[in-house]
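**Q** Got a structure for you, written out below as structure tokens; questions coming shortly.
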Amino acid sequence: MVLLRNSAISIAPSELSLIWAPVRNRPSPIACCTCADPRVAFSISIPRARGIASDSHRPKRLSSSGLLPIPSLSLKMPESREGKQATLGRFFGSNSDAPKKQTTLSFGGNRNKSAASANKSKKEPASKDENEAKPVADETSGKDVDMTEASEAAPEVAEEADRQSLKRDKSEGSDSEESDVQPSSKRRRKGSDKPKAAPASKAQPKSSPKSPKPSKSKAKATSPPVVQKASGEETPEDPDVSDIEEELSASEEEAEKKPELKKKELEKVQAALKGSGKDPYPDWKAGEPVPYAALCTTFSLIEMTTKRLQILAHCSLFLRQVLRLTPKDFLPTVQLMINKLAADYAGIELGIGESLIMKAIGESTGRSLSVIKADQHEIGDLGLVAAKSRSNQPTMFKPKPLTVRGVHEGLLAIAKVQGHGSQDKKISGIKKLLSAADAATTGKGSKGIGITKDKGGPSEAKYLIRFLEGKLRLGLAEKTVLVALAQAVVAHEAALKGEKTPSAEKLAEGEAILKTVYSELPAYEVIIPALLEHGLANLGQHCKLQPGIPIKPMLAKPTKSITEVLDRFEGKDFTCEYKYDGERAQIHYVAPEHMTKYPGAQLTLEKKDVGLTSIFSRNSEDLSKKYPDVLEKLKTWIKPGVGSFVLDCETVAWDTVNKKVLPFQQLMTRKRKDVKAEDVKVKVCVFAFDLLFLNDEPAVKKSLRERRELLHESFQAVEGEFQFAQYGDTNDLDEIQNLLDDSVKASCEGLMVKMLDTEESGYEPSKRSRNWLKVKKDYLSGVGDSLDLVVLGAYYGRGKRTSVYGAFLLAAYNPSTQTYETICNIGTGFSDEVLKEFHETLSPLVIDRAKPFYSHSTVPKDQPDVWLEPRLVWEVKTADLTLSPRYKAAADEFVGAKGVSLRFPRFIKSRDDKKPEQATTTKAVAEMYRKQEAVAKDGASKGGVDDDFEY
């Protein structure tokens with residue numbers, strides 16, 4: 001029996017379907033039942049007929065009371081006066097936009113019943129699901145209303161039921177894994193905010209810890225969860241990997257302390273990535289070149305996460321894929337991943353400016369330069385500008401896809417272009433690469449590449465341009481790639497032998513071997529071919545420290561007092577050396593009779609009368625053309641019998657008249673290129689303090705005492721040209737204090753205190769070790785160390801500084817995010833001559849807006865007058881550090897979105913020997929602040945410091 005008011009309804013009792021024509025602007029309650037008992041009546045109050053016809057108004061409440069469950073009820077509405085049809089599913093707030101589908105209302109008594117079973121209720125007898133959902137004849141059993149699309153099932157919870165039982169809301173309100181309809185409370189909120197419901201395919205699936213077992217009927221596959229970024233971007237994320245990462249999230253320091261735990265975590269992440277069935281890129285044919293699209297796909301996956309282990313897993317899995325299919329492309333793949341075309345000592349840099357890149361993008365895609373600049377101003381990322389330009393560019397013929405080797409060779413050719421017309425040749429090379437990028441999506445507009453989704457996705461053009469800029473901005477550190485490389489090789493070798501997945505111990509052992517080899521021989525061009533030929537276990541026998549390939553220098557940790565030194569080296573022998581204020585240098589030499597032993601050295605060292613020799617900086621930059629006078633006199637301080645060596649030393653400006661050391665600023669006045677020995681005005685003296693290689697044998701494993709003895713046996717001092725670093729072996733506090741005072745009087749910075757014996761006294765390349773401590777003259781009060789900061793912006797001067805920049809915005813470097821984070825403004829410590837010189841140097845570096853990788857305040861009054869390219873590094877001294885909302889340095893390490901700022905910063909000197917990426921890290925800044933806070937609180941420092949300062 002059916003009771004109708006204000007409506008004309010026809011009913012087919014056997015199917016329980018009805019046709020309803022509502023009266024305009026009047027409530028239309030409906031009651032229907034299958035027996036004479038009025039208690040089983042079910043009513044739905046529909047406020048306005050127009051709301052159903054146009055879907056412009058949705059009911060706020062769905063009430064039910066005193067009902068017995070019935071199998072199903074279908075309601076179909078004819079077209080209204082406006083000629084529109086809407087389903088009850090849309091009316092009640094479903095996220096479906098399919099108006100042609102018929103909506104089913106199901107009244108079920110079992111709250112734990114699977115949503116999919118309701119979908120079968122029409123076709124299958126009720127007895128089939130009797131154990132799962134047996135109707136209960138009482139007045140409270142049917143208060144939940146399940147609304148399901150014909151093809152999909154999703155349980156809904158009524159508002160009254162929500163108020164009555166929280167437990168019920170948890171069990172039924174959460175959608176099953178196969179559902180794409182949101183809970184009623186969220187639906188009502190969305191319905192009030194947006195005129196149209198979002199398509200069902202874009203809804204976010206939500207899993208519940210108490211979700212019911214999946215039914216036999218298969219629903220549509222849902223897309224992975226979408227993470228909404230602050231910028232508005234939607235980021236799909238692998239749910240399995242995300243959950244594991246959340247459970248296993250641990251700091252890098254903790255992972256280093258517990259390597260076994262780190263390996264187990266990584267194994268779980270890799271297993272989750274592999275088990276998800278989502279390979280980074282489908283396998284290409286074995287032996288064929290590695291597609292550049294495959295590398296870009298991996299880059300995109302890395303860019304969409306900030307989780308360290310997940311980044312490492314993506315790298316490792318892709319490198320294993322390359323090893324398995326195309327091992328000959330392994331070297332260029334690794335080089336592109338670390339954003340380098342060759343080793344540092346090769347001196348190959350792209351040096352492409354922003355204006356040149358914009359010109360190349362415009363010419364390649366047929367867009368005017370003004371349009372490209374407008375896009376750049378709006379988007380702020382030239383990579384995304386290139387991706388957008390390519391996606392809108394129609395093409396007649398499909399270009400040949402880019403390969404990793406082809407991209408590497410193309411970029412290398414661009415970097416090597418020099419001389420007349422080099423800019424046009426570079427633009428031509430860039431256009432050639434861009435014209436072949438993103439062949440599959442070119443001309444499809446936003447359907448091909450959506451620059452607002454997934455940060456532009458795996459666009460080849462985006463990563464090509466970022467490589468040219470010198471910043472991939474993936475959060476992918478070179479150390480991470482090194483670890484991933486080791487893990488990939490270990491796993492690949494195990495697979496070739498038919499062994500199971502390598503254990504955590506095997507992975508750790510492989511990492512240790514590769515890290516040791518790379519620290520002594522930082523050249524993938526040498527390591528990877530040897531790795532493929534001899535295997536990881538035998539790598540150390542074929543790749544050793546050798547002349548011609550500079551190693552990264554060992555660095556010292558700072559201390560704030562001499563007592564800290566005594567605490568650190570208590571009960572052990574140590575030595576105190578003068579810390580000279582010069583430029584760190586590494587001199588390589590091979591005698592003529594030893595040249596055949598080092599064929600690679602003939603490519604990297606300069607051939608002189610004395611043999612093969614070169615001087616390298618701390619950045620592995622070749623300084624031979626800057627110090628030709630040093631190389632000319634090399635033979636005078638080498639003793640007979642020395643056939644080859646690698647010497648660690650400091651080049652210092654020398655006063656030939658007064659026989660003393662000159663300030664560092666004097667040294668920096670020397671020309672850097674094309675220097676002739678006879679034209680040198682600022683003389684230099686080499687102060688040697690360590691010997692790393694001698695006569696075909698590495699010495700880094702020997703103790704410092706042994707290395708010093710070899711140093712003095714192999715070289716002889718020549719006044720004003722070559723001298724040994726002055727030192728004193730003592731552990732007496734007063735004697736150390738006297739040594740510090742004497743070093744300051746000798747125009748030195750202070751003392752370097754080093755472990756003298758035991759295994760800990762070995763030379764540790766590229767590491768800032770606690771076995772070397774530095775005590776500067778200004779450490780004994782205030783902040784313990786100066787900072788090396790990057791210049792990001794400038795302010796126009798006033799008064800006597802009107803014609804130059806009067807102040808500057810400085811930043812520290814965050815290697816994890818590859819961003820520069822502002823730390824202070826500085827305007828003191830500059831002479832008029834220095835300001836004039838900096839104005840001339842910085843003017844060509846002015847850019848129209850901040851780079852995307854600048855982290856700075858967005859408050860208008862905090863903006864500098866001009867933004868600059870990140871090129872210059874300055875050493876700055878400060879009174880102390882504080883927290884400020886204006887600056888962003890290490891802001892992620894402190895509560896309240898405040899960054900660390902310098903109080904009373906003062907310019908010390910320009911650090912031309914350092915690259916911007918070697919500036920003081922934000923982690924070091926945070927540690928400086930914490931140590932300062934601890935010292936102020938405790939009144940005195942305790943033990944040695946663990947700051948990872950850069951200098």
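The values are calculated or read from the model by the stated rules, or taken from the named source; none is laboratory data. Note that the structure is a prediction, hence the values are computed from the model and not measured. Here the Cβ is made from the backbone with ideal geometry for all residues, glycine too, and neighbour counts use every protein chain on show. Areas reflect the complete protein model, heavy atoms only, side chains present, ligands, DNA and RNA absent. Shrake-Rupley method; radii C 1.70, N 1.55, O 1.52, S 1.80 Å.
**Q** If the chain between LYS453 and HIS712 were fully stretched, how many nm would it gain, using 0.36 nm times the residue separation less the Cα-Cα distance?
**A** 87.0 nm
**Q** On to the next question. On a C-alpha basis, how far is the centre of the range 293-372 from the centre of the range 816-875 in Å? Whole number, if you could?
**A** 27
**Q** Which part of the range 339-366 falls in the paramagnetic zone of ASP424, meaning amide N under 16 Å from the point 7 Å along Cα-to-beta-carbon?
**A** Counting backbone N atoms under 16 Å from the label point, the list is 360, 363.
**Q** Taking all protein chains as present, what is the carbon and sulfur share of the accessible area of the range 347-469, in % to the nearest whole number, probe 1.4 Å?
**A** On the way: 3090 of 5880 Å².
Using a 1.4 Å probe with all protein chains present, the range 347-469 comes out at 53 percent carbon and sulfur.
**Q** Which FRET efficiency value, to the nearest 0.05, do you get for LYS607 and VAL417 by plugging their Cβ-Cβ distance into 1/(1 + (r/R0)^6) with R0 = 35 Å? Write down the numbers at each step before the final one.
**A** Details: r = 26 Å, r/R0 = 0.73.
The pair LYS607/VAL417 has a calculated efficiency of 0.85.
**Q** Still on this structure, I have one more. Can you give the local net charge around LEU809? Use residues other than it whose beta-carbon is closer than 15 angstrom to its beta-carbon, Lys and Arg +1, Asp and Glu -1.
**A** Result for the neighbourhood of LEU809: +2.
**Q** Right, here's the next one. My understanding is that a pair violates if its Cα-Cα distance is over 20 Å; which of LYS754/LYS915; LYS340/LYS914; LYS572/LYS774; LYS660/LYS683 do that in this structure?
**A** Working: LYS754/LYS915 27 Å; LYS340/LYS914 17 Å; LYS572/LYS774 17 Å; LYS660/LYS683 11 Å.
In this structure, LYS754/LYS915 exceed 20 Å between Cα atoms.
**Q** Applying 1/(1 + (r/R0)^6) with R0 = 41 Å to the Cβ-Cβ distance of ALA495 and LYS701, what FRET efficiency is obtained, to the nearest 0.05? Display every interim value, and only then the final one.
**A** Numbers: r = 33 Å, r/R0 = 0.81.
Efficiency for this residue pair is about 0.75.
**Q** Return the distance in nm (one decimal) between the two label points of a simple spin-label model at GLU354 and GLU533, each offset 7 Å from Cα along Cα→Cβ.
**A** With each label point 7 Å from Cα toward Cβ, the separation is 4.6 nm.
**Q** Related question: For the range 561-613, which GluC sites (Glu not before Pro) pass both filters: DSSP loop (anything but H, G, I, E, B) and at most 10 other C-beta atoms within 10 Å? Please report the intermediate quantities before stating the final value.
**A** Numbers: sites: GLU564, GLU570, GLU577, GLU583, GLU593, GLU606; in loops: GLU570.
Of the GluC sites (Glu not before Pro), the ones in loops of the range 561-613 whose Cβ has at most 10 other Cβ atoms within 10 Å are GLU570.
**Q** Just for the Cα atoms in the range 322-394, what are the lengths along the principal axes, largest first, rounded to whole Å?
**A** 42, 30, 19
**Q** Checking a compactness column here: for the range 786-939, what do you get for Rg(Cα) / (2.2 N^0.38 Å), N being the number of residues? Mind showing how you got there, number by number?
**A** On the way: Rg = 14.9 Å, N = 154, 2.2 N^0.38 = 14.9 Å.
Expressed relative to 2.2 N^0.38 Å, the Cα Rg reads 1.00.
**Q** Here is a follow-up. GLU509 to LEU566: FRET efficiency via 1/(1 + (r/R0)^6), r the Cβ-Cβ distance, R0 35 Å, to the nearest 0.05?
**A** 0.40
**Q** Taking amide H atoms as placed 1.01 Å from N in the peptide plane, list the residues 5 or more away in sequence, or in a different chain, whose amide H sits under 5 Å from that of SER614.
**A** HIS588, GLU606
**Q** Suppose the chain between VAL846 and PHE397 were pulled fully straight at 0.36 nm per residue; how much longer would it get relative to their current alpha carbon spacing?
**A** On the way: separation 449, 0.36 × 449 = 161.64 nm, distance 3.98 nm.
Length difference between fully extended and current span is 157.7 nm.
**Q** Taking a quarter of the surface of the convex hull around the Cα atoms of the range 474-533, what do you get in nm²?
**A** On the way: hull surface 18.6 nm².
Taking a quarter of the hull surface, the average projection is 4.7 nm².
**Q** Please calculate how many Å² of accessible area the range 786-939 carries per residue, with a 1.4 Å probe and no DNA, RNA or ligand atoms counted. Numbers along the way, then the final one.
**A** Numbers: 6750 Å² over 154 residues.
Dividing the accessible area of the range 786-939 by its residue count gives 44 Å².
**Q** Over all directions, how big on average is the projection of the convex hull of the alpha-carbon atoms in the range 555-776, in square nanometres? List each step's numbers first, then the result.
**A** On the way: hull surface 48.6 nm².
About 12.1 nm², averaged over all directions.
**Q** If ligands, DNA and RNA are left out, what is the accessible area of TRP654 with a 1.4 Å probe, given in Å² to the nearest 10?
**A** 20
**Q** Out of all DSSP beta bridges with both ends in the range 555-776, state the antiparallel percent to the nearest 5. All intermediate terms of the calculation are to be shown ahead of the outcome.
**A** Working: 46 of 53 bridges.
Around 85 percent antiparallel, to the nearest 5.
**Q** Can you tell me the alpha carbon radius of gyration of the range 641-719 divided by the globular rule-of-thumb value 2.2 N^0.38 Å? Working shown, then result.
**A** On the way: Rg = 15.3 Å, N = 79, 2.2 N^0.38 = 11.6 Å.
In units of the globular-protein estimate, the range 641-719 measures up at 1.32.
**Q** Further, regarding this structure: Over the range 786-939, what is the relative contact order in whole percent, taking alpha-carbon pairs under 8 Å and six or more residues apart?
**A** Values: 327 pairs, mean separation 43.6, N = 154.
So the answer I get is 28 percent.
**Q** Just need the relative contact order of the range 577-689 here, percent rounded to a whole number, with Cα pairs under 8 Å and 6+ apart.
**A** Details: 183 pairs, mean separation 35.5, N = 113.
Relative contact order here is 31 percent.
**Q** Next question. As a quick test, which of the pairs LYS373/LYS462; LYS861/LYS931; LYS888/LYS923 have an alpha carbon distance above 23 angstrom in this structure?
**A** With Cα atoms farther than 23 Å apart: LYS861/LYS931.
**Q** Still on this structure, I have one more. Could you give the nm distance between label points at ALA477 and THR828, where each point is 7 Å from its Cα heading toward the beta carbon?
**A** Those two pseudo-labels are separated by 3.4 nm.
**Q** How much length would be gained if the chain were fully extended between GLU593 and THR802, taking 0.36 nm per residue of separation minus their Cα-Cα distance, in nm to one decimal?
**A** Additional length available on full extension: 69.1 nm.
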